[in-house]
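The values are calculated or read from the model by the stated rules, or taken from the named source; none is laboratory data. Predicted model, so just to flag it, every value in this text is computed and none were measured. Backbone-built Cβ (ideal geometry, glycine too); neighbour counts: all protein chains shown.
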């Protein structure tokens, strides 16, 4: 029993405890859920969400170049065509973080303080890593969300968004998008 206690104590002292964990999508690289469930300040609408591994404002630049928007209304109501119907794409960027408490540093500073020394690691008790996500919603001309279960274009919309995500993540030069057909 004493060995188990020592092992547990050693594990706690040498570990970091996660406080917040950014979402990871199981079995897929995207998720279709209500945006408000993903991020509290988002609308109560079904959304296509994927992790953005690129730099800030890259998706803005991609959408701007792909749809030739000339920096006008890039994030909201971008007209797209699916099955001959005009739909409207809007997107948001959201950050979710991983936060951990570093117990060894807290313990070292506590011991130093008990010995009358100053703290060394006070600014490093917590570690934080940010992850950015793109949240995309698509509406039809009647302002119906195309990602809802009962929408007639749901499957085609999901296929379109998967292809859009793949093209975004693999394209390095957005100027080359100007040479391709606008969809």
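If you go through region 30-57 and keep only what is without any contact (Cβ under 8 Å) to a residue 40 or more places away in the chain and either under 12 Å from residue 136 (Cβ atoms) or in contact with a strand residue (DSSP E or B) (Cβ under 8 Å, 6 or more places away or on another chain) (or both), you end up with 31, 33, 34, 44.
Residue check: is residue 172 free of Cβ contacts under 8 Å to residues at least 12 places away in the same chain, on the phi < 0 side of the Ramachandran plot and in a loop (DSSP other than H, G, I, E, B)? Yes, satisfied. Just to be sure I understand the filter: pairs with C-beta atoms under 7 Å, separated by 6 or more residues or on different chains, first member in region 101-118 and in contact (Cβ under 8 Å) with a residue 40 or more places away in the chain and at negative phi, second member assigned to a helix (DSSP H, G or I) and surrounded by fewer than 14 Cβ atoms within 10 Å (Cβ to Cβ). Which pairs pass? Short answer, once both residue conditions are applied: 102/124; 103/12; 103/13; 104/13; 107/13. Can you tell me which residues in region 93-124 are surrounded by 14 or more Cβ atoms within 10 Å (Cβ to Cβ), over 30 Å from residue 59 (Cβ atoms) and out of contact with any helix residue (DSSP H, G or I) (no Cβ under 8 Å at 6 or more places or on another chain)? Within region 93-124, 101, 106, 108, 112 qualify.
Confirm whether residue 149 is within 14 Å of residue 33 (Cα to Cα) and either surrounded by fewer than 17 Cβ atoms within 10 Å (Cβ to Cβ) or modelled with pLDDT under 95 (or both). Against the criterion (within 14 Å of residue 33 (Cα to Cα) and either surrounded by fewer than 17 Cβ atoms within 10 Å (Cβ to Cβ) or modelled with pLDDT under 95 (or both)), residue 149 qualifies.
Okay, residues lined up against (1) crowded, with 16+ Cβ neighbours inside 10 Å; (2) part of a loop (DSSP other than H, G, I, E, B); (3) touching a residue at least 24 places away in the same chain (Cβ under 8 Å):
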| residue | (1), (2), (3) |
| --- | --- |
| 71 | no, yes, no |
| 81 | no, no, yes |
| 88 | yes, no, yes |
| 91 | yes, no, yes |
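Given the criteria more than 27 Å from residue 51 (Cα to Cα) and at pLDDT below 75, does residue 175 qualify? Against the criterion (more than 27 Å from residue 51 (Cα to Cα) and at pLDDT below 75), residue 175 does not qualify. Within region 132-151, being touching a helix residue (DSSP H, G or I) at 6+ places or on another chain (Cβ under 8 Å) and assigned to a strand (DSSP E or B) holds for 133, 134, 135, 136, 137, 138.
Number of residues in region 101-117 that are at pLDDT 80 or above and not in a helix (DSSP H, G or I) equals 3.
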